[in-house]
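What follows is one structure encoded as structure tokens, with my remarks underneath.
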Amino acid sequence: MHQEITIKTKSTNQIVVLIKIMAVMVTGVAGEQSLSAATMEDNPQNIAAPAPAAKVGYNKLVFYDDFDSLSTIDVNGTEKPGFKWYVDRPVWGNGITEPSAYSISNSVLTVSSTGNSAGWAISSFSPKGNVGHSFNYGYFEARIHFNPTLGSTSKDWPAWWSLSTHHSKLNNMDHWAELDFFEAYTGGHADYTGAFVGSIHDWADGSKTHFQNSNNWMPLSKTTDFNEWHTYGCLWRPGEVTWCFDEVPLMTQTYSAMAVPVPPANGTTTPTPAGAFSILDKESEGMLLILGSGPEWPMYVDWVRMAKINYQRYLLRSSIMDNLNRPRFLSTTYLRIKY
Ligand SMILES: [Ca+2]
């Protein structure tokens with residue numbers, strides 16, 4: 001899917017109207033949610049976008065954490081703005097993730113969970129505080145290692161994933177999406193097989209209706225050493241998700257509101273209905289990012305990166321106001337949104 005919009009104007013009145021349109025388009029089409037200026041400033045400009053992202057023009061890093069200190073984590077559970085990671089859990093979860101479940105040493109995050117949290121330890125958004133960062137579309141990547149022999153010891157497993165922010169905040173059970181970038185999936189207290197498990201979940205009707213991509217289970221090479229660093233990535237564009245291991249594409253799921261997804265899904269009804277998975281692109285509040293595992297099975301994370309199209313300059317330009325609080329545009333301007 002490809003969309004390009006170009007608007008040119010010359011009159012001041014037109015520009016004011018356009019600025020309002022741009023604000024809607026930037027949040028609604030480009031889909032960035034709640035990204036604070038502080039976070040963007042924290043992103044080192046000299047780090048290139050990951051290759052699978054740059055290849056499709058997602059060349060702007062908009063969320064980044066090298067885990068150099070705990071200062072990016074809301075360790076006190078304030079649920080206030082200013083952090084990249086929060087420790088409260090979705091509204092149906094009890095308590096917060098305790099400090100024993102995460103630590104940082106030598107620029108590496110060790111993360112597990114406090115238990116009974118479905119692998120949710122820290123999240124880019126605070127569901128209870130209603131602050132943080134959620135995303136629509138982009139390339140999501142983490143550099144991770146873990147011990148693959150601990151599967152049988154643990155109810156949960158290393159996971160780097162995302163969930164509907166709206167659902168996490170309100171526990172709305174009508175219809176919501178989950179996008180799992182990578183799971184060392186075991187199902188609980190079982191050996192890890194060495195597969196890259198990457199999934200889209202289309203949940204509805206209080207979980208009674210569920211579709212999941214049928215190609216979500218991709219065995220990796222038998223020689224893969226999970227104790228070594230690897231990158232686990234997921235490229236999400238409108239109607240298309242591709243999972244990547246060490247930046248090499250593994251599998252792709254396409255979908256649309258009007259057609260049966262390709263490949264067809266596994267789920268509660270067969271054949272797969274048209275429109276399955278398209279809920280992912282309709283999440284108005286975006287998806288929050290989650291890192292976690294079981295208490296017995298820690299996951300080590302060097303960094304997290306998230307890249308998407310470079311539209312920041314439009315946000316910056318539309319935020320320049322004169323002393324009467326009018327947007328300042330003195331010359332011809334144009335808007336281009338491309339994805
Ligand atoms: Ca690091």
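The values are calculated or read from the model by the stated rules, or taken from the named source; none is laboratory data. Computed from a prediction, not measured in an experiment: that's the story for all the values here. Positions of Cβ are generated from backbone atoms using ideal geometry, with glycine treated the same way; all protein chains shown enter the neighbour counts.
Residues of segment 204-238 that are in contact (Cβ under 8 Å) with a residue 60 or more places away in the chain, more than 20 Å from the chain's Cα centre (by Cα) and closer than 24 Å to residue 148 by Cβ: 226, 227, 228, 229.
Only residues that are in contact (Cβ under 8 Å) with a residue 40 or more places away in the chain and either surrounded by fewer than 21 Cβ atoms within 10 Å (Cβ to Cβ) or not assigned by TED's automatic domain parsing to the domain that holds residue 268 (or both) were counted in segment 189-203, giving 2. Take the conditions (1) in contact with a Ser or Thr (Cβ under 6 Å, 6 or more places away or on another chain); (2) within 16 Å of the ligand (Cβ to nearest atom); residue 114 misses just one of them, which is (2). The residues of segment 127-143 that are more than 9 Å from the chain's Cα centre (by Cα) and among the small types (Gly, Ala, Ser), listed by number, are 129, 132, 142. Residue pairs whose Cβ atoms lie under 6 Å apart, separated by 6 or more positions or on different chains, with the first residue in segment 290-306 and among the small types (Gly, Ala, Ser) and the second within 14 Å of the ligand (Cβ to nearest atom), are 293/299. Applying the condition of being small (Gly, Ala, Ser) and surrounded by 18 or more Cβ atoms within 10 Å (Cβ to Cβ) to segment 46-76 and asking which residue is farthest from the chain's Cα centre (by Cα) yields 49.
Can you tell me which residue within segment 60-83, out of those that are of a type in the set (S, T, N, Q) and within 14 Å of the ligand (Cβ to nearest atom), is farthest from residue 135 (Cα to Cα)?
Restricting attention to segment 60-83, the residues satisfying the condition of being of a type in the set (S, T, N, Q) are 69, 71-72, 76, 78.
Then drop every residue that is not within 14 Å of the ligand (Cβ to nearest atom), which leaves 69, 71-72.
Numbers: 69: 24, 71: 22, 72: 18 Å.
Out of the qualifying residues, it is 69.
Just a yes or no: is a residue in segment 46-59 in contact (Cβ under 8 Å) with a residue 40 or more places away in the chain, farther than 28 Å from residue 186 by Cα, within 16 Å of the ligand (Cβ to nearest atom) and not in a helix (DSSP H, G or I)? Yes, because at least one residue in segment 46-59 is in contact (Cβ under 8 Å) with a residue 40 or more places away in the chain, farther than 28 Å from residue 186 by Cα, within 16 Å of the ligand (Cβ to nearest atom) and not in a helix (DSSP H, G or I).
Taking segment 89-108 as the search range and keeping residues that are of a type outside the set (A, V, I, L, M) and over 24 Å from residue 173 (Cβ atoms), which one is nearest to the ligand (Cβ to nearest atom)?
Taking segment 89-108 as the starting set, the residues that turn out to be of a type outside the set (A, V, I, L, M) are 89-90, 92-95, 97-100, 102-103, 105-107.
Next, only the ones that are over 24 Å from residue 173 (Cβ atoms) stay: 98-100, 102-103, 105-107.
Details: 98: 23, 99: 19, 100: 21, 102: 14, 103: 13, 105: 10, 106: 8, 107: 3 Å.
Residue satisfying both the conditions and the ranking: 107.
Pairs linking a residue in segment 125-148 that is within 14 Å of residue 308 (Cα to Cα) and assigned to a strand (DSSP E or B) to a residue that is basic (Lys, Arg) and more than 16 Å from the ligand (Cβ to nearest atom), with Cβ atoms under 8 Å and 6 or more positions apart or on different chains, are 135/308; 138/308; 139/308.
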